[in-house]
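Accompanying notes for the structure given below.
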Amino acid sequence: MNTSETKIEWSEKYRPTSLSEIVGNNKPASDLRAWALQWQHGIPDQRAVILHGKPGVGKTTAAHALAHDFDWEVIELNASDQRTASAIRRVAGMASETASMSGGTRLIILDEADNIHGTADRGGAQALVKIIKETSQPILLTVNDMYGVSPSIKNLCMAIAFRSLQSRSIALLLRKICQNEGIVCDPEALLKIAENAHGDVRSAINDLQAVAQGKRELHRDDVVVSSRDSRDTIFDVLKKIFRGKDIKEALNATYGIDETPDDLIQWIDENLPAQYRGGDIADAMHALSRADIFLGRVHLRQNYRMWRYAGALMTSGVTVSKSREYPGARFMPPSKWRMLRSTRTSRQVRDAISEKIGVQCQTSQRYARLNLLPFVKMLSADRDYVVRLAAWTNLDTTEIAYIIGSKKDTKKVKTIHQEAQELLKDVALEEVDIFGGFESRAKVAQEKPEEKGKRENQVKPVEQGKPEKKIEKKPEKKSQTSLFDF
Ligand SMILES: Nc1ncnc2c1ncn2[C@@H]1O[C@H](COP(=O)(O)OP(=O)(O)OP(=O)(O)O)[C@@H](O)[C@H]1O
Ligand SMILES: [Mg+2]
């Protein structure tokens, strides 16, 4: 098997192209079909549908499969930062007023539309309401949660719920993938992976790929390892911390989640008063406050080892603070976060990176996301490559973290970002020198730090390839051997 083959994401490779191939969710698929049929006889009462459901259950897949089955053209409004009123009017508005070039129907897809509500202050929601009311073309929104959709949009749309899939259905799909990949699988192993995914097909396929790729046989024992690695949600982690008894399990559960230690402590802190009573709250608070001190030291001294102590205190420390079992209240997100709902999801980050790569490669965001990003990720095992990529496409720390599969606050991410900025600075200075700005280096050496920051932000991205020789100038830096090698 060649390397490019090994890195293609199976979830993309096996994405159904027709509604009939979608596993489970038969009712939503037939509702979608019925809605599409109405469009063949004019404009229906409900001109837009909202597909809602948890991640990885087939919403985006169904949207594109529908267009495929009815031979509709697709217009997609993807990245959340395109969702301003003017962008929505420009792209969706125009598409909704005119038929496609061939005179056929075009499906306007607003994928992951949860945050249109959030951009309402920029007029996104109102623009969309107007477009839905007036469109002559079908509009399809996908969201994870209907709570994220503004009532004015909700009232105009047909809501179609996508349910999480049963483990048995997921296991059958995994079996087909294994057969296709020529891997002999123990059915129990597949069921285990399916159960771990809690209804999320994408996660199940990703987990399968992680354990099975490159193997000829997959045994149940192979999956025990992955089940430890498989991602817990923040709610699973909170359950293990507040309701569990096993301190190791509480700590280990935190390794698979996306939350940074600073975010995790907010979740635990917010939920503690509702989960425990009396003296147990005081004991757990004591553990949390000590964890907070260690987190402070991480920031103050850039000593990332302190994360370990903070992690143990905020998880195991809280677990052992309870003197009895509690029935358990519903977990709530930290209130600070309710105000900060604009925090980018990993899909938004993925789309933003794809867009940047697309601009540099003169291709669409979608093409970059599906065909280039997997290779970029593969190449990103080489740290120097990531530095050049970050400089070349001007990635921010969140985007670098996504590319290397790390958490946003790690030292590695920060140093890569810094080195990329240095590269940009060096190359910009070289260019200035070439065109006669000979004293620029001297000036830079003398300038105040705040001015330096301002100037660095203004520096434009550079062409690929140019910075290479600059990286070789830093031989004293030992190359890292793993993502967590700080
Ligand atoms: N019902 C399904 N049948 C078959 N494959 C599925 C199904 N749901 C998801 N998948 C697989 O998972 C991948 C991700 O699915 P999809 O992008 O449709 O999820 P989604 O519901 O849009 O999730 P998100 O909310 O994260 O955007 C697909 O590429 C496909 O391989
Ligand atoms: Mg989707």
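Do we find that A194 is within 13 Å of ligand 1 (Cβ to nearest atom) and in contact with a Leu (Cβ under 8 Å, 6 or more places away or on another chain) in this structure? Here the answer is yes, as A194 does meet what is asked. The sole residue among S164, S152 that is among the polar types (S, T, N, Q), away from ligand 1 (no atom under 16 Å from the Cβ) and within 30 Å of A48 (Cβ to Cβ) is S152. Checking the structure you have, find out if any residue of region 28-44 is within 13 Å of ligand 1 (Cβ to nearest atom) and more than 22 Å from V129 (Cα to Cα). There is at least one residue in region 28-44 that is within 13 Å of ligand 1 (Cβ to nearest atom) and more than 22 Å from V129 (Cα to Cα).
The helices (runs of 4 or more DSSP H) located wholly in region 365-414 that include 1 or more residues which are more than 24 Å from T260 (Cβ to Cβ) and among the aliphatic types (A, V, I, L, M) occupy 373-379, 383-393. Scan region 346-361 residue by residue and report those that are free of Cβ contacts under 8 Å to residues at least 40 places away in the same chain and surrounded by 18 or more Cβ atoms within 10 Å (Cβ to Cβ). Listed by number, the residues that qualify are S354, I357, G358. Here P327 qualifies as modelled with pLDDT under 85 and at negative phi. Taking strands (runs of 3 or more DSSP E) as the structural unit, those lying wholly within region 27-132 and holding at least 1 residues that are surrounded by 21 or more Cβ atoms within 10 Å (Cβ to Cβ) and at pLDDT 90 or above correspond to 48-52, 106-110.
Considering the conditions (1) more than 7 Å from ligand 1 (Cβ to nearest atom); (2) not assigned by TED's automatic domain parsing to the domain that holds L156, P16 is excluded by exactly one of them, (1).
Of the residues making up region 254-306, those that are surrounded by 14 or more Cβ atoms within 10 Å (Cβ to Cβ), more than 22 Å from the chain's Cα centre (by Cα) and under 15 Å from K407 (Cβ atoms) number 4. The residues in region 140-171 that are in a loop (DSSP other than H, G, I, E, B), within 16 Å of ligand 2 (Cβ to nearest atom) and more than 18 Å from A62 (Cα to Cα) can be counted, and the count is 1. Across region 172-198, which residue is surrounded by the most Cβ atoms within 10 Å (Cβ to Cβ) among those that are assigned to a loop (DSSP other than H, G, I, E, B) and modelled with pLDDT under 90? So, considering only residues that are assigned to a loop (DSSP other than H, G, I, E, B) and modelled with pLDDT under 90, the one surrounded by the most Cβ atoms within 10 Å (Cβ to Cβ) is A197.
Checked against (1) away from ligand 2 (no atom under 16 Å from the Cβ); (2) touching a Leu at 6+ places or on another chain (Cβ under 9 Å), E217 passes all but condition (2). For E76, the conditions (1) touching a strand residue (DSSP E or B) at 6+ places or on another chain (Cβ under 6 Å); (2) away from ligand 2 (no atom under 16 Å from the Cβ) all hold with the exception of (2).
Within region 18-28, the residues that satisfy the criterion of being under 15 Å from A159 (Cβ atoms) and in contact (Cβ under 8 Å) with a residue 24 or more places away in the chain are N25, P28. For region 45-56, the set of residues classified as in contact with a strand residue (DSSP E or B) (Cβ under 9 Å, 6 or more places away or on another chain) and within 8 Å of ligand 1 (Cβ to nearest atom) consists of L51, G53, listed by residue number. Scoring Y14 on the criteria (1) crowded, with 16+ Cβ neighbours inside 10 Å; (2) more than 20 Å from the chain's Cα centre (by Cα); (3) modelled with pLDDT of 95 or more leaves a single failure, condition (2). With the checklist (1) of a type in the set (A, V, I, L, M); (2) in contact with a helix residue (DSSP H, G or I) (Cβ under 7 Å, 6 or more places away or on another chain); (3) in a helix (DSSP H, G or I); (4) at pLDDT 90 or above in hand, flag the one item V23 doesn't pass. Among (1) of a type in the set (A, V, I, L, M); (2) in contact with a helix residue (DSSP H, G or I) (Cβ under 7 Å, 6 or more places away or on another chain); (3) in a helix (DSSP H, G or I); (4) at pLDDT 90 or above, V23 violates only (3). Pairs are defined by a Cβ separation below 7 Å, a sequence spacing of at least 6 or placement on different chains, a first member in region 325-345 that is not assigned by TED's automatic domain parsing to the domain that holds K245, and a second member that is modelled with pLDDT under 70 and exposed (fewer than 10 other Cβ atoms within 10 Å of the Cβ); no pair meets this definition. Contact map, region 239-254: residues that are without any contact (Cβ under 8 Å) to a residue 60 or more places away in the chain and in the same structural domain as I268 (by TED's automatic domain parsing) paired with residues that are part of a helix (DSSP H, G or I) and among the basic types (K, R), Cβ distance under 9 Å, separation 6+ or inter-chain. Pairs shown: E249/K240; N252/R228; N252/K240.
The values are calculated or read from the model by the stated rules, or taken from the named source; none is laboratory data. What you see is a predicted model; the values in this text were computed from it and never measured. As a convention, Cβ positions derive from the backbone with ideal geometry for all residues, glycine included, and neighbour counts pool all protein chains shown.
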